[in-house]
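Have a look at the structure below before the remarks.
Where a number appears in this text, it was derived from the coordinates with a stated rule and is not lab data. Model, not experiment: these values are computed from the prediction. Here Cβ is always computed from backbone atoms with ideal geometry, including for glycine, and neighbour counts include all displayed protein chains.
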Amino acid sequence: MTGLVRKATLLVLCGVLFAVAANAGVPSASNSIKPSCIALVGSKSGTTDPVGQFTVTVKDLANNVIANSTVVVDFTQEYGGNPVTLTPDCRIGNSQPAGTQTVDCTAHTVRSTTNVSGVATFNIIGGAQNAGNSPGRGAGGAKVFADGVLLGTVTVEAFDEDGLGGVAGNDLSAWLGDKFASGAPYFGRSDFDCNGAIGGNDLSVWLGVKFATNSTSSAAVYCP
């Protein structure tokens, strides 16, 4: 009987080790690290506003970082089997900083690759189409994948509310339209402090971006 128990224990251990080995290098949503919100930004003299930079750290089930993992921020979702823009109010520029990320306008995605520390870095140029209380997405406006594995969703913010002329006065007017909209809907594009509500601190964050003057230009061309 003791021999049978030992054999059974050994088989269980072997099974566990096999499972761990089989999943090594496969991204884990629970262990990987992503932000809750991301911000679309403008640029100045060809340089993307640094306030929009964010990272995604990819780890496997054993909590090991994964280098050379392809991380994709997906701004689309399927409804009835047909892909449509997930955030109709938020658009990404068709040209993104070279060498760090790649945009696919057909798929409405931006992708980057993790470094040796398992970290992928993004800074996405884009803006909203908001004239104030215009239809828009709430929380979870985009999906994040690593090597095809869904890591979760992120809320999409846009300092350039109207997508024109960089971050300027018209964007403040659009933000106020969201803030004081009838029925108090939640627009992720205007939640700049990522606390799940639109309030005074979001205005403070927006003003900081406005007067830093690093988002004086909008995307030249947006993905259709």
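Can you find, among Val154, Ala131, Trp175, the residue sitting farthest towards the positive end of the charge dipole of the stretch 112-175, where Lys and Arg contribute +1 and Asp and Glu -1 at Cβ? The one lying farthest along the dipole's positive direction is Val154. Each label was represented as a point 7 Å from its Cα along the Cα-to-Cβ direction; for Asp104 and Val149 these points are 1.9 nm apart.
Prolate is the label for the stretch 70-224, because a/c, from the alpha-carbon gyration tensor with a ≥ b ≥ c as root eigenvalues, is 1.5 or above and a/b exceeds b/c. The phi-based Karplus calculation (6.51 cos²θ - 1.76 cosθ + 1.60; θ = phi - 60°) puts the 3J(HN,Hα) values of the stretch 130-136 at 10, 9, x, 6, 6, x, x Hz, whole numbers, x for Gly and Pro. Ordering Ser217, Ser45 by the number of other Cβ atoms within 10 Å of each residue's own Cβ, fewest first, gives Ser45, Ser217. For Gly152, the residues whose amide H sits under 5 Å from its own are Val144, ignoring neighbours fewer than 5 places away on the same chain, with H placed 1.01 Å from N.
Residue order for Val65, Val144, fewest other beta carbons within 10 angstrom first, comes to Val65, Val144.
At a Förster radius of 22 Å, what calculated FRET efficiency corresponds to the Cβ-Cβ distance of Ser182 and Ala139, to the nearest 0.05? That pair, Ser182 with Ala139, gives E of 0.65.
Placing pseudo-labels 7 Å out from each Cα toward the beta carbon at Phe211 and Ser173 gives an inter-label distance of 2.2 nm.
Fewest neighbouring Cβ atoms within 10 Å first, the residues Arg189, Arg111, Arg137, Arg91 line up as Arg111, Arg137, Arg91, Arg189.
Here the stretch 132-224 is treated with +1 on each Lys and Arg Cβ and -1 on each Asp and Glu Cβ, and its dipole about the Cα centre works out to around 100 debye.
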